[in-house]
Amino acid sequence: MNRALPVVRLRVPTDEDAVAWHRLFDDPDVMEFHGGKSAGLSVYEELTARQRRHDAERGFCLWSVLDESGEVIGFTGAQPWERDWGPTGEIEIGWRLARAHWGRGVVTAAARLTLERVRAAGVPGVVAMVDARNQRSIAVTQRLGMRLAEVFTTPTSGRAGHCYRLDLTSGAA
């Protein structure tokens with residue numbers, strides 16, 4: 001089934017977006033594959049500040065996702081994988097969306113915008129690190145044309161994960 005994707009906009013996160021992210025992600029369903037617990041407001045304040053720096057320095061970041069009315073409903077974007085395991089130094093794309101907006105194609109639409117922006121910034125390829133149980137995110141990687149490159153075990157949780165890859169130099173996606 002091919003349905004029309006919703007219209008979404010991306011913007012560099014503002015100070016106020018930290019509050020929105022904190023509120024939207026204070027949901028066990030949203031955080032199921034991200035440690036299961038919501039983070040404190042200060043975590044999102046630091047995260048949005050870091051994303052503004054990433055955008056200024058690299059031309060990409062984790063952007064706030066806005067719906068048609070301009071309301072913040074999540075984030076999507078790209079940043080370097082900075083852990084000492086996995087694809088260290090590579091550019092990872094990711095997303096997180098408020099539960100009320102799941103199942104509507106919002107993440108796919110936003111992730112496609114992300115791919116356009118990172119390609120324009122000269123990034124030759126991206127990875128997506130996904131918990132092996134997260135069928136919704138796995139489906140998004142497949143819709144983006146990403147391919148499973150590696151199965152790994154997360155050092156902190158011991159859970160299985162997948163590393164998906166996409167070459168951005170071929171013109172696909």
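The values are calculated or read from the model by the stated rules, or taken from the named source; none is laboratory data. These numbers were taken from a predicted model, which means no experiment stands behind them. Cβ sites come from the backbone with ideal geometry, for glycine too, and all protein chains shown count toward neighbours. When the accessible area is computed, the model is the full protein with side chains, heavy atoms only, and any ligands, DNA or RNA have been set aside. Shrake-Rupley method; radii C 1.70, N 1.55, O 1.52, S 1.80 Å.
Annotations for the structure displayed:
- Tally, over the range 74-87, of residues that are within 20 Å of His101 (Cβ to Cβ) and touching a residue at least 60 places away in the same chain (Cβ under 8 Å): 3
- The set of residues in the range 55-102 that are of a type in the set (Val, Ile, Thr) and either under 27 Å from Asp167 (Cβ atoms) or in a helix (DSSP H, G or I) (or both) comprises Val65, Thr76, Thr88, Ile91, Ile93.
- Index of the failed condition, Ala78 passing every other in (1) under 18 Å from Val106 (Cα atoms); (2) open to solvent by 30 Å² or more (accessible area, probe 1.4 Å): (2)
- Within the range 18-60, the residues that satisfy the criterion of being among the hydrophobic types (A, V, I, L, M, F, W, C), at pLDDT 90 or above and under 19 Å from Trp81 (Cβ atoms) are Val43, Leu47, Phe60.
- Any hit, the range 109-120, residues being touching a strand residue (DSSP E or B) at 6+ places or on another chain (Cβ under 9 Å) and exposed (fewer than 14 other Cβ atoms within 10 Å of the Cβ): no
- Test for Arg83: is it modelled with pLDDT under 90 and more than 23 Å from Gln135 (Cα to Cα): yes
To keep it simple, each residue is scored yes or no on (1) open to solvent by 20 Å² or more (accessible area, probe 1.4 Å); (2) at positive phi; (3) more than 19 Å from the chain's Cα centre (by Cα).
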| position | (1), (2), (3) |
| --- | --- |
| Gln135 | yes, no, no |
| Ala139 | yes, no, no |
| Gln142 | yes, no, no |
| Gly145 | yes, yes, no |
| Leu148 | yes, no, no |
| Thr154 | yes, no, no |
| Arg159 | yes, no, yes |
| Cys163 | no, no, no |
| Thr169 | yes, no, yes |
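- Selection status of Thr48, farther than 13 Å from Ala111 by Cα, open to solvent by less than 20 Å² (accessible area, probe 1.4 Å) and either of a type in the set (Lys, Arg) or touching a Ser or Thr at 6+ places or on another chain (Cβ under 8 Å) (or both): yes
- Selection of the range 113-139 for residues being among the basic types (Lys, Arg) and either at pLDDT 95 or above or not in a helix (DSSP H, G or I) (or both) yields Arg117, Arg119, Arg133.
- Subset of the range 140-173 [assigned to a loop (DSSP other than H, G, I, E, B) and under 23 Å from Trp102 (Cα atoms)]: Leu144, Gly145, Met146, Ala173
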